[in-house]
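The structure is given below, and queries will be raised subsequently.
The values are calculated or read from the model by the stated rules, or taken from the named source; none is laboratory data. Here the structure is a predicted model, which is why all the values come from computation and not from measurement. Backbone-built Cβ (ideal geometry, glycine too); neighbour counts: all protein chains shown. Quick note on the areas: whole protein, heavy atoms, side chains included, nothing else; ligands and nucleic acids left out. Shrake-Rupley method; radii C 1.70, N 1.55, O 1.52, S 1.80 Å.
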Amino acid sequence: MKIFNTLSRTKQEFIPLEENKVRMYVCGPTVYNFIHIGNARPMIVFDTVRRYFEYKGYDVNFVSNFTDVDDKIIKKALEEGVSSDEISKRYIAECKKDMEGMNIKPATKHPLATEEIGGMVEMIQKLIDKGFAYEKNGTVYYRTRKFEEYGKLSHKNLDDLRSGERSLLVTGEDEKEDALDFVLWKPKKEGEPYWESPWSDGRPGWHIECSVMSKKYLGEQIDIHAGGEDLVFPHHENEIAQSEAANGKEFSKYWMHNAFLNIDNRKMSKSLGNFRTVREISEQYDLQVLRFFMLSAHYRSPLNFSADLMEASKSGLERIVNAADHLKFLMGNAKNETMTETEKDSFAKTDAFVHGFEHAMEDDFNTADAAAAVFDLVKYANTNTDEESSEEYLKALFDRLVKLTDVLGLIVDKEEDILEEEIEKLIKERQAARKAKDFARADAIRDELLEKGIILKDTREGVQWKRA
Ligand code: AMP
Ligand code: ZN
């Protein structure tokens, strides 16, 4: 399996630290509002990466944090006149609802920054003891010059950055030894949440939380660290500096970054006012459509959100779901149970689609090509099955389709959804039973349909039905 590693800027063969295990950390959102569809891209992409590892038999320990202490959360709390805690709890709950809609598996652990302050104070102290950090008036800074490999992830020319980059000089931080030094701990301001520390009553900087939570839940060394490409510098660069200086070993073997989601070919951002929340999209589409749309491009390519592409994803998804439904319908009516020799040969031909799917996923998770292999299987299943097919053959095709779509996180087997053609068939059967005065059978059919949420009404024009 090959993964493009931001660290080496090449596709590298994946070799786990421990056989059959993957330790993976994905930087999660800052929770001060509903998540937007840009935030949804890393969630969907890295959930799919996780699912593929699981499909290959790996045991994946997947950790993704919620940043629940931050300037934006504090600002929102002040605006609403409520506590920061109330804001973050509210939007974590909303985020989890959106994640469920997008069929994103809950992480093995979703740590909260505010519950890990003790570990952060400990790591900061260690960095001070080792000479990698220093305190000035209650603020603790990381001493970037001391970490010789600083810049290895973002491949930046640090001397140019140091001399030229004005934006690195944040006001109030002129006491720093170097423009690239960053905050590990800062004193509280009036009205802000704070914790006690040896340096001041205050709160941690953003970068330290991921170093600490990753170490606590995954260990000092992990296989994959991931997030959006905007996190490469400074966030991930700083995480490396902190973790490697504190632990004395390489932090993460592979660094994966998704490209940005644009809207109408412009960068989606709050300041341009062109962002859309996942919740808004859910009013118009099943979030499965959003998921499929995100996977229609390679994760390292910029992706443009547009109504046309969403419609294309909707109809593509329908094609897959319809094929699954049709197989289920045929299964329910199959006359023969076991696969014939011809069917065995026919099923064996679908191995090629599975290989195509895996080949695409193993090439740095090319979900667009993997989806194309799923469409090949769909087309094959549609044209190589009929009323004469055996149940075993249909089920084998169905299971194969479900197995592949499950890697993409697409739900095609909705148990509760009874198909129209199946309903019509049962209604006909019920009428035949009534005609034959088999009222017990007729009632049983009506009850069976009712259980599936279908209400029958006998009228002069015949039987009418509706969904409850
Ligand atoms: P934030 O809440 O801003 O820290 O972002 C949470 C995650 O969403 C990070 O991994 C970001 O890189 C990612 N992200 C934010 N905006 C976009 C976007 N427009 N496209 C893709 N990823 C994004
Ligand atoms: Zn992070």
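Keeping to segment 192-246, report how many residues are in contact with an Asp or Glu (Cβ under 6 Å, 6 or more places away or on another chain) and within 14 Å of ligand 2 (Cβ to nearest atom).
Of the residues in segment 192-246, 5 are in contact with an Asp or Glu (Cβ under 6 Å, 6 or more places away or on another chain) and within 14 Å of ligand 2 (Cβ to nearest atom).
Just checking, how many residues over segment 182-224 are assigned to a strand (DSSP E or B), among the charged types (D, E, K, R) and over 22 Å from the mean Cα position of the chain (by Cα)? So that I can check it myself, show each step before the final result.
Step one: list which residues in segment 182-224 are assigned to a strand (DSSP E or B), which gives 182-187, 195, 202-204, 222-224.
Still in the running and among the charged types (D, E, K, R): 186, 203, 223.
Next cut, over 22 Å from the mean Cα position of the chain (by Cα) only: 186, 203.
Residues flagged as assigned to a strand (DSSP E or B), among the charged types (D, E, K, R) and over 22 Å from the mean Cα position of the chain (by Cα) within segment 182-224 amount to 2.
Another one. Looking only at segment 1-15, filter to residues that are in contact (Cβ under 8 Å) with a residue 40 or more places away in the chain and among the polar types (S, T, N, Q); which one of those is most open to solvent (accessible area, probe 1.4 Å)?
Across segment 1-15, the extreme among qualifying residues is GLN12.
Only one of these is touching a helix residue (DSSP H, G or I) at 6+ places or on another chain (Cβ under 7 Å), modelled with pLDDT under 85 and either over 30 Å from ALA370 (Cα atoms) or outside the structural domain of PHE293 (by TED's automatic domain parsing) (or both): GLU422, GLU451, GLU461, GLU415. Name it. Let's see the steps before the verdict.
Numbers: GLU451 fails: touching a helix residue (DSSP H, G or I) at 6+ places or on another chain (Cβ under 7 Å); GLU461 fails: touching a helix residue (DSSP H, G or I) at 6+ places or on another chain (Cβ under 7 Å); GLU415 fails: touching a helix residue (DSSP H, G or I) at 6+ places or on another chain (Cβ under 7 Å).
None of the other options fit; the residue is GLU422.
Out of segment 35-90, which residues are among the hydrophobic types (A, V, I, L, M, F, W, C) and within 29 Å of ASP264 (Cβ to Cβ)?
If we filter segment 35-90 for residues that are among the hydrophobic types (A, V, I, L, M, F, W, C), which is where we start, we get 35, 37, 40, 43-46, 49, 53, 60, 62-63, 66, 69, 73-74, 77-78, 82, 87.
Answer for segment 35-90, where residues must be among the hydrophobic types (A, V, I, L, M, F, W, C) and within 29 Å of ASP264 (Cβ to Cβ): ILE35, ILE37, ALA40, MET43, ILE44, VAL45, PHE46, VAL49.
Can you work out which of the residues in segment 266-289 that are within 30 Å of LYS2 (Cβ to Cβ) and within 13 Å of ligand 1 (Cβ to nearest atom) is least open to solvent (accessible area, probe 1.4 Å)?
Step one: of segment 266-289, the residues within 30 Å of LYS2 (Cβ to Cβ) are 267-268, 287-289.
So of that shortlist, the ones also within 13 Å of ligand 1 (Cβ to nearest atom) come out as 267-268.
Numbers: LYS267: 119, MET268: 14 Å².
It comes out as MET268.
Then there is this: If only one of LYS72, LYS97, LYS156, LYS89 is open to solvent by 10 Å² or more (accessible area, probe 1.4 Å), under 30 Å from THR48 (Cβ atoms), at pLDDT below 95 and not in a loop (DSSP other than H, G, I, E, B), which one is it?
LYS72
Residues checked against (1) over 22 Å from the mean Cα position of the chain (by Cα); (2) at pLDDT below 95; (3) within 27 Å of TYR134 (Cα to Cα); (4) not aromatic (Phe, Trp, Tyr):
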residue: ALA226; (1), (2), (3), (4): no, no, no, yes
residue: GLU239; (1), (2), (3), (4): no, no, yes, yes
residue: SER243; (1), (2), (3), (4): yes, no, yes, yes
residue: ASN247; (1), (2), (3), (4): yes, no, yes, yes
residue: ILE263; (1), (2), (3), (4): no, yes, no, yes
residue: MET268; (1), (2), (3), (4): no, yes, no, yes
residue: PHE275; (1), (2), (3), (4): no, yes, no, no
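Counting only residues that are away from ligand 1 (no atom under 16 Å from the Cβ), of a type outside the set (S, T, N, Q) and open to solvent by less than 40 Å² (accessible area, probe 1.4 Å), how many does segment 195-239 have? Walk me through it before giving the result.
Of the residues in segment 195-239, the ones away from ligand 1 (no atom under 16 Å from the Cβ) are 195-203, 212, 215-223.
Restricting the remaining residues to those that are of a type outside the set (S, T, N, Q) gives 195-196, 198-199, 201-203, 212, 215-220, 222-223.
Filter again for open to solvent by less than 40 Å² (accessible area, probe 1.4 Å), leaving 199, 202-203, 212, 218-219, 222-223.
Looking only at that region, the number is 8.
Hey, can you tell me all the residues within segment 117-159 that are within 30 Å of the chain's Cα centre (by Cα) and at positive phi?
GLY151, HIS155
Identify all residues within segment 240-264 that are touching a helix residue (DSSP H, G or I) at 6+ places or on another chain (Cβ under 8 Å), more than 16 Å from ligand 1 (Cβ to nearest atom) and of a type in the set (Gly, Ala, Ser); write none if there are none.
Hits for segment 240-264 are ALA241, SER243, ALA245, ALA246.
Also: Looking only at residues that are touching a residue at least 40 places away in the same chain (Cβ under 8 Å) and more than 16 Å from ligand 2 (Cβ to nearest atom) in segment 16-31, which one is nearest to LEU410 (Cα to Cα)? I'd like the intermediate steps shown before the answer.
Within segment 16-31, the first condition is being touching a residue at least 40 places away in the same chain (Cβ under 8 Å), and the residues that meet it are 16-17, 21-31.
Remaining after also requiring more than 16 Å from ligand 2 (Cβ to nearest atom): 16-17, 21-22.
On the way: PRO16: 27, LEU17: 30, LYS21: 24, VAL22: 23 Å.
Selected residue: VAL22.
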